[in-house]
Amino acid sequence: MPNNESYGKSGVIRKQKTLFIAKELFRKSIHICSATIPFFLRIAYWPVIILLLLALTVYIISEIQRRRGVSIPLISTITAAAARKRDENRFVLGPVTLVMGIVIAALLFPPECAALGIYALSFGDGLASVGGKLFGRIVIPFTDGKTVAGSLTCFTAIFISAWCSSHSTITALVLALVGMFIELLPLKDFDNLIIPLAISGAACLL
């Protein structure tokens, strides 16, 4: 019969897992919110680009200050709440690559193609991590811990978002496969930069 110590350890593990998943959901909810950006780009292209770059500048300054021990109200709190364990005592790079991926895609590609790239980043990459953490059991070798569940979530999310935008099954299928392959690579935060550019570029070729 398990002793109290065993119950205590299992309780701590469950609590740690719950907190980890809650942090991941919070972090990815911010990620998914970027799906609204193509809508605003259609309404006011340059003002949105400028606002994104201003937000990026404010974040970089805030993050530099946070690492120096100076807390910036709200921004530092959100960053700390969303940061992964690997980001502890480091500059949290994710928001920088997220904004840069969106801005560069918007500047380089036609609006329709850029929107597909941004949706792939928002939904595909955003939901892949959540799906992997909640349902991932089978780890894919040489992918730095990526799971089958996470990859399938990524594929499905990109396929649905691409199909809803393009109404083309072939386009949605190709973009979903490209996005899933990129998401499998151990790119860490740089997938935020590569996914929207690669998907936008692929969309222009289709």
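Miscellaneous remarks
- Only residues that are of a type outside the set (Ser, Thr, Tyr) and closer than 17 Å to Ile158 by Cβ were counted in region 127-139, giving 5.
- Residue pairs whose Cβ atoms lie under 7 Å apart, separated by 6 or more positions or on different chains, with the first residue in region 134-148 and within 19 Å of Asp191 (Cα to Cα) and the second open to solvent by 50 Å² or more (accessible area, probe 1.4 Å) and of a type in the set (A, V, I, L, M, F, W, C), are Ile140/Val148; Gly145/Val139; Thr147/Ile138; Thr147/Val139; Val148/Ile138.
- Among the residues listed as Ala128, Ala162, Ala176, the single one being within 23 Å of Arg90 (Cβ to Cβ), among the small types (Gly, Ala, Ser) and open to solvent by less than 10 Å² (accessible area, probe 1.4 Å): Ala128
- Condition met for Ala149 (touching a helix residue (DSSP H, G or I) at 6+ places or on another chain (Cβ under 8 Å), over 22 Å from Ala115 (Cβ atoms), of a type in the set (A, V, I, L, M, F, W, C) and open to solvent by less than 40 Å² (accessible area, probe 1.4 Å)): yes
- Total residues in region 133-157, condition part of a helix (DSSP H, G or I) and either under 19 Å from Thr97 (Cβ atoms) or at pLDDT 85 or above (or both): 10
- One residue stands out among those in region 53-76 that are part of a helix (DSSP H, G or I) and open to solvent by 90 Å² or more (accessible area, probe 1.4 Å): the one that is nearest to Ile118 (Cα to Cα), which is Leu54.
- Pairs, first open to solvent by less than 70 Å² (accessible area, probe 1.4 Å) in region 41-52, second outside any helix (DSSP H, G or I) and among the polar types (S, T, N, Q), C-beta under 7 Å, six or more apart: none
- Scan region 2-49 for residues that are assigned to a helix (DSSP H, G or I), farther than 20 Å from Asn192 by Cβ and at pLDDT 95 or above and the total you get is 5.
The values are calculated or read from the model by the stated rules, or taken from the named source; none is laboratory data. Small disclaimer: the values here were computed from a predicted structure and weren't measured. No Cβ is skipped: glycine too gets one built from the backbone with ideal geometry, and neighbour counts run over all protein chains shown. Calculation scope for accessible area: heavy atoms of the full protein, side chains included, ligands and nucleic acids excluded. Shrake-Rupley method; radii C 1.70, N 1.55, O 1.52, S 1.80 Å.
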